[in-house]
Amino acid sequence: NISFHGGESPKGTLRVKMVLLGSSGVGKSSLALRFGKDEFRSTTPTVGCAYLTRVVHLSDVTLRFEIWDTAGQEKYHSVTPLYYRGAHAALLVYDISKRETFIRAQVWLKELEKQYTPGSTVMWLVGNKGDLAQDRQVSVQEGQALANDRDLSFTETSALAGDQVSELLIYKKAVLGLIESPDLTKETFGNKGPKFKDGPHIYH
Amino acid sequence: MERDNHQEGEAQGVKICDPPSERKPPDTLATSLSLLGNHMFPDPVERNNSTTDKEEPADLHLSDVTAQEQSLDAEPPSNQVKKLETEEAENSECQSNESAETTDRGAEDAADRVTEDAAAVDNDQSDSGEFVVTMLAKAKLEEQGIGVKGRSSPLLEAGTQESPAFMSHRDEDVTADSWRQHRKHVFVLSEAGKPIYSRYGSEEALSSTMGVMMALVSFVQSGDNIIRSVYSEQHTVVFLQKGPLVLVCVSSSRQSEQQLRGELLYVYYQIISMLTQASISRIFEHKKNYDLRRLLAGSEKILDGLLNLVDSDPSFLLAAIHCLPLASSLRDSLSQILQKAITPNLVFSILIAKNQLLTIVQEKTVIEDTRLEPADVHLLLNLIGASSAFQAGEIWTPICLPLFNPDCYFYAYISYLDPPECTVCLLLLSTDKEAFYAVAECKRKIEEAMVAQNSLSLIAKAQSYSVSQVGVSDLRHFMYKPFDVPDNYRQLSQFTSPEMEAPYSSEEEKMRLLDLYRYMHSRIHSTSRPLKLIYHVAERETLLAWVTSKFELYTCFSPLVTKACAITAITKLLRWIKKEEDRLFIRYPPKYSTTPNPSKSSRGGKSDQQDSTDNGFLSLL
Ligand SMILES: Nc1nc2c(ncn2[C@@H]2O[C@H](COP(=O)(O)OP(=O)(O)OP(=O)(O)O)[C@@H](O)[C@H]2O)c(=O)[nH]1
Ligand SMILES: [Mg+2]
């Protein structure tokens, strides 16, 4: 389910399509910005979908993440399938300080499950805004329980605090889940973890 | 005063075209409003009639003054002078009266005469609903006998208010004076009286106000009339019903009803650009009581931004595009770059810098069917301006161009070409929602070609011009909209205008000049008494507006300019524009051919896009 870029792209580049889903305001674009530029800026609600790429060079393989940061606003829901179709990894994001976004995430999950055959897509449940502990409305246990129940990976993050470890973890595990060759997996990540080059690579 | 009496006269002129025999007895309306909780209704009936009677044909002799036309290459003096001379009668009248005019008192005085006793009500206003009701009550209702039949009273349906999951960010106190004093309020509501948008204050806090407005609209409708506008001494209230949406503007800006209605139409179109007309109709067909805020959540900023632009950017008033002045060789080379980077179903390629158009390339077959309207471009520019998210990467989003086709989506690819500055923006519109990768590839080609030709640094040097470049003393500012651009009937309407410089550099002064232009525009385009030429001596400047079959021109001079000077200046200005027009305008909008199957992307070809409108929204009901 990983497509190797033919032609123009160098051999050994894995193209990984990753989609960010979830209610408006949960922090999808902020997470994408963390992935892409490791920064946190003020954002405006996404229009339609923002497409970003992030190239990650590992010891013997280059991963090209194509991140589809979808708009959470309800008016765009009808077009969202356009963006998540064929994704290798889906991050289902909710805001731990807003219960309704967690409920909404479960609705998304149902929809995704209709679209995907199990195993073809790595799905993550992500509780964002971990820094807002004082306003927490969804406990870690609840998030974890939902993830276990649906066989998803789970993590809490904070795009604001730039909880780098969590972000890397998402990358690493998303990739781990995707790369089926155990050898490659082992060799790629070893103990060092992936090495990121500077800056985003928007289009090559 | 003369000036404002004109305005008043015009407003009344509009009203007068309706026979005074209202289909609905006004006292029933009064009863209805008082039932709505307005115990202060000051009985507008007599005043209605007296207002109507007060129409004075002031300066009707003007209308035939400048009926002749002037060619652009203006070998003018004889002809022109004659025309301006003919205006003399009015001008001297204007001058004497207007020099006595102190700022804006005129209209208020005039209106005070009309609604004196109602003014006392002001002090009693205790909430925003009463603010509107009082205004409505104080003023005169204008009704039009266009039948709207078969509608149940929306009042009966105005049910309970559910609050949407995503709440509006506005927390202005709608009972405060400051709220009332905003220059222009805009409200959007559904036919069932549900609040959809308010420019200031949260829709929720204003739900009773909007309920009152809707009650009024539906009341008038029940008499087979349409309520169009209401005037009071300080405010003009304009109603616009479009399908299941009702838009209301409460303005103290002294703009004409026509202009305000035009602005409401922009708001409507911006909503359509996000949702399409077809899906809005379908939604309300299924559920009259639907809370449209669910679908517009997060888009308030886009509407806010639009209204700010409408107030501050004359493009909207003139319904024309302002393109960035550019050497024609550079504009041509950019157009060629766009022309070469194409893919099937690409329909428009648009290059924007500093929020102004650089060039636009259009699909041949599509543009044969229909032209791209300036309003659609304005909406696109506003959408881009209102969202910083575009700076994050490449955007792929459905968007409807309401004047092109209100029921279908295009798919817009939006990307900045000069990160991190993000001033040069590429917009590619396709009819194929699956075309993202193909369209993104076009962008890559465009980027490459622009690097090869060093286009970005050339674009960076481009800028708007100063009026001093025209070399005409006393000329402070102007707006020129030609009608004679080659290939006009397929051409975008454009206008050119220098930067606003001293004394119009502060926000207040800019707005004041724009208001003067709006006033001139409303008189030129008055429905009851259109004018061809107006020479207007205001307190701090002298303005001259002139419309011919070839162009529309608004000029602003220093106050002491003589008429002879103004004429010479305009002659020079027209020559200068003629000389510079290759730089000031997009002269020959280039085309390409990308449509393998023309019917697919032409105006009527909905097959491809229809599913995206069908899909989803209904399932949310
Ligand atoms: N405290 C805190 N705020 C965050 C965090 N992530 C995002 N935000 C804020 O949440 C708001 C919404 O963030 P976005 O990233 O635009 O949300 P989104 O999910 O992309 O929203 P849509 O594009 O409308 O779907 C912004 O004001 C962010 O600054 C976080 O980890 N902690
Ligand atoms: Mg976003």
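Send over the Kirkwood Rh of region B:321-453, from the inverse of the averaged 1/r over different Cα pairs, rounded to one decimal Å. List each step's numbers first, then the result.
Numbers: mean 1/r = 0.0671 Å⁻¹.
One over the average 1/r among Cα pairs gives 14.9 Å for region B:321-453.
Both numbers refer to the Cα atoms of region B:467-584; Rg and Dmax are 14.1, 42 Å.
Shielding of peptide A:28-34 by partners, expressed as the average count of other chain Cβ atoms within 10 Å per residue Cβ, is 1. Peptide B:333-342 shows a mean partner chain C-beta count of 0 within 10 Å per residue C-beta. Working note: Karplus 6.51/-1.76/1.60 with θ = phi - 60° gives region B:233-240 the couplings 5, 10, 10, 10, 10, 10, 10, 9 Hz, where Gly and Pro are set to x.
Would you compute the Debye intensity of region B:334-407 from its alpha-carbon atoms alone, equal scatterers and no solvent, and pass along log10 I(q)/I(0) at q = 0.14, 0.24, 0.25 Å⁻¹ to two decimals? Taken in order of the listed q values, log10 I(q)/I(0) reads -0.50, -1.46, -1.52. Sequentially through region B:532-543, phi angles give Karplus couplings (6.51, -1.76, 1.60; θ = phi - 60°) of 9, 8, 10, 10, 10, 9, 9, 5, 10, 7, 10, 10 Hz, Gly and Pro residues having no value and appearing as x.
Annotation: amide H of B:F483 within the under-5 Å range of B:F551, B:E552, sequence separation 5 or more or interchain, hydrogens built in the peptide plane.
Work out the FRET efficiency for B:E507 and B:Q181 from their Cβ-Cβ distance, taking R0 = 25 Å, and round it to the nearest 0.05.
Numbers: r = 17 Å, r/R0 = 0.67.
The pair B:E507/B:Q181 has a calculated efficiency of 0.90.
Taking 15 Å as the cut-off, the amide N atoms of region B:440-454 that come nearer than this to a point 7 Å along the Cα-to-beta-carbon line of B:S329 belong to B:453-454.
Of the residues B:D432, B:D311, the one with the largest accessible area comes first in the ranking B:D432, B:D311, computed with a 1.4 Å probe on protein heavy atoms. All other residues whose Cβ lies under 9 angstrom from that of A:F65 are scored, Lys and Arg at +1 and Asp and Glu at -1, for a net of +3.
Distance between the pseudo-spin-label points of A:E113 and B:E421 (7 Å out from Cα toward the beta carbon): 5.2 nm. Close amide H partners of B:S464, meaning residues 5 or more places away or on another chain with modelled amide H under 5 Å apart, do not exist here.
Based on C-alpha pairs under 8 angstrom that are at least 6 apart in sequence, region B:467-584 has a relative contact order of 29 percent. The protection proxy used here, the mean number of other Cβ atoms lying within 10 Å of each residue, ranks peptides B:419-427, B:584-592, A:125-133 as follows, highest first: A:125-133, B:584-592, B:419-427. Annotation: amide H of B:F495 within the under-5 Å range of B:I321, B:H322, B:C323, sequence separation 5 or more or interchain, hydrogens built in the peptide plane.
Per-residue Karplus couplings for region B:275-286, computed as 6.51 cos²θ - 1.76 cosθ + 1.60 with θ equal to phi - 60°, are listed in order as 10, 6, 5, 4, 6, 4, 4, 5, 4, 6, 5, 6 Hz, Gly and Pro entered as x. Set the Förster distance to 45 Å, then compute FRET efficiency between B:T562 and A:T44 from the Cβ-Cβ distance, nearest 0.05. Efficiency for this residue pair is about 0.30. Add +1 for every Lys or Arg and -1 for every Asp or Glu among the other residues with Cβ under 14 Å from the Cβ of B:V377, and state the total. With Lys, Arg at +1 and Asp, Glu at -1, the neighbours total -2. Take region B:321-453 with all the other protein chains still there, run a 1.4 Å probe, and you get 28 Å² of accessible area per residue. Cα-Cα over 19 Å: which of B:K481/B:K579; A:K28/A:K98; B:K340/B:K445; B:K340/B:K578; B:K340/B:K364? Violating the 19 Å Cα-Cα cut-off are B:K340/B:K578. Peptide A:152-163 is shielded by partner chain Cβ atoms: per residue, an average of 0 of them sit within 10 Å of its Cβ. Projecting label points 7 angstrom from Cα along Cα→Cβ for A:Q106 and B:S281 puts them 3.9 nm apart. Model label points for B:R575 and B:Y465, set 7 angstrom from Cα along the Cα-to-Cβ axis, are 1.5 nm apart.
The values are calculated or read from the model by the stated rules, or taken from the named source; none is laboratory data. Keep in mind it's a predicted model, so treat the numbers as computed, not measured. Glycine also receives a Cβ, built like all others from the backbone with ideal geometry; neighbour counts cover every protein chain displayed. Quick note on the areas: whole protein, heavy atoms, side chains included, nothing else; ligands and nucleic acids left out. Shrake-Rupley method; radii C 1.70, N 1.55, O 1.52, S 1.80 Å.
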